1. Among the candidates 358, 344, which residue alone is without any contact (Cβ under 8 Å) to a residue 24 or more places away in the chain and either touching a strand residue (DSSP E or B) at 6+ places or on another chain (Cβ under 8 Å) or not assigned by TED's automatic domain parsing to the domain that holds residue 189 (or both)?
2. Inside the stretch 55-98, can you point out the residues that are exposed (fewer than 14 other Cβ atoms within 10 Å of the Cβ) and in a helix (DSSP H, G or I)?
3. Which condition number does residue 191 fail, the rest of (1) crowded, with 21+ Cβ neighbours inside 10 Å; (2) at pLDDT 80 or above; (3) in contact with a helix residue (DSSP H, G or I) (Cβ under 6 Å, 6 or more places away or on another chain) being met?
4. Is it the case, given these coordinates, that residue 447 is over 18 Å from residue 315 (Cβ atoms) and touching a residue at least 60 places away in the same chain (Cβ under 8 Å)?
5. Just one of 320, 325 is closer than 23 Å to residue 459 by Cα, modelled with pLDDT under 90 and buried (at least 18 other Cβ atoms within 10 Å of the Cβ); which is it?
6. Does the stretch 290-306 contain at least one residue that is surrounded by 18 or more Cβ atoms within 10 Å (Cβ to Cβ), under 26 Å from residue 190 (Cβ atoms) and in contact with a helix residue (DSSP H, G or I) (Cβ under 8 Å, 6 or more places away or on another chain)?
7. Considering the stretch 95-126 alone, what residues qualify as being more than 18 Å from residue 81 (Cβ to Cβ) and over 31 Å from the mean Cα position of the chain (by Cα)?
8. Out of everything in the stretch 232-250 that is touching a helix residue (DSSP H, G or I) at 6+ places or on another chain (Cβ under 9 Å) and in a helix (DSSP H, G or I), what residue ends up being surrounded by the fewest Cβ atoms within 10 Å (Cβ to Cβ)?
């Protein structure tokens, strides 16, 4: 659990000492207690009796020239509750009071939290005017007006709010002067943690006027989750590239790297692609979860047996599906199942996702000239029995790939197709005629819970 900050008090805490409202030693002690108890320093100062809450609020009013409002006997305009949903009201400790001529007055315990104000303005789509109120009083009003069980309150309960929001970590720090490498790294971890929490496997960062947009991709839809402020855009990208073993000083050329990270107790791998655009580098991240055993997937015993039989004979095992459906995860599960010392199993990959025991994994490296063309010309000297070849992007690659089957190799590769009909249409092209004749197994992933497996006999009927 992180230390809960109040940006207003963080900015003005030493003024409390200068105005003789508290002693410096008491402030230091309160900060230590706040960090230990995961609350803000104002709560500790009040609860410990070092300063009365109303005196503290009046102090903030005089310093900020923002009015203080006592909410104890205040009646809110219920029509304004629709401007701020329950999730944001609780998260930012803010509640709407009234709206006059397009200006929404809101009570806040932390009126210098600019991220909270920006979010409220974004959702409410109107100008915001904050007033200062007691944090406890705001939370009581939220409970009274939003979750009291009345029909008014129930409308605004956000049942689908995310369990984790990376912006909470961003909001913990004062970013007006930028953040340290440690804080930026913490922000990177927070974004990746939310991606895993939301079952996201692809996300990207793009330059926008506000800074750097953070977009998650799910079910072929892009979901923008927020913006990293402009002051942090450059150091954020530089730190992310450094962690991924990319050159942070190079932005005019594409780069591909790999990032290892942990979310809770799960060790994960992500590929990081940096690509230059006229607006700045676009960073794409693809996250790969650790492979399961085939028996732990949605495959039943009959389908697993078809795959194992295909692995015993020369031919091509083709794994198909739409983008982000889990093709690579399935292939890694297959490789994990068959890895032993009895045969030479090799891979040719742009990025190795996980280290597999008893598998000779080869990672391409354009920087030193180890590209796909060179890998194809030299892999046969290694005498692979089973070879995983990551995707077929050229006619030359397709021809080479199929020629290995004629030399008694078993090959595994993947192919992008939205559905079976789309796959059949693509494979109907003349250049795939030899490739189709050598297929011994087709695995089609509709999603992680719906997987079809076809043996050679079934495929002959499809291609007849």
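1. Going through 358, 344 in turn, just one is without any contact (Cβ under 8 Å) to a residue 24 or more places away in the chain and either touching a strand residue (DSSP E or B) at 6+ places or on another chain (Cβ under 8 Å) or not assigned by TED's automatic domain parsing to the domain that holds residue 189 (or both): 358.
2. Result: 55, 58, 62, 78, 79, 82.
3. (3)
4. Considered against the rule, which asks whether it is over 18 Å from residue 315 (Cβ atoms) and touching a residue at least 60 places away in the same chain (Cβ under 8 Å), residue 447 comes out as yes.
5. 325
6. yes
7. 101
8. Among those that are touching a helix residue (DSSP H, G or I) at 6+ places or on another chain (Cβ under 9 Å) and in a helix (DSSP H, G or I), it is 242.
The values are calculated or read from the model by the stated rules, or taken from the named source; none is laboratory data. From a predicted model like this one, the values you see are computed outputs, not experimental measurements. Note that we place each Cβ from the backbone using ideal geometry, even for glycine, and neighbour counts take in every protein chain shown.
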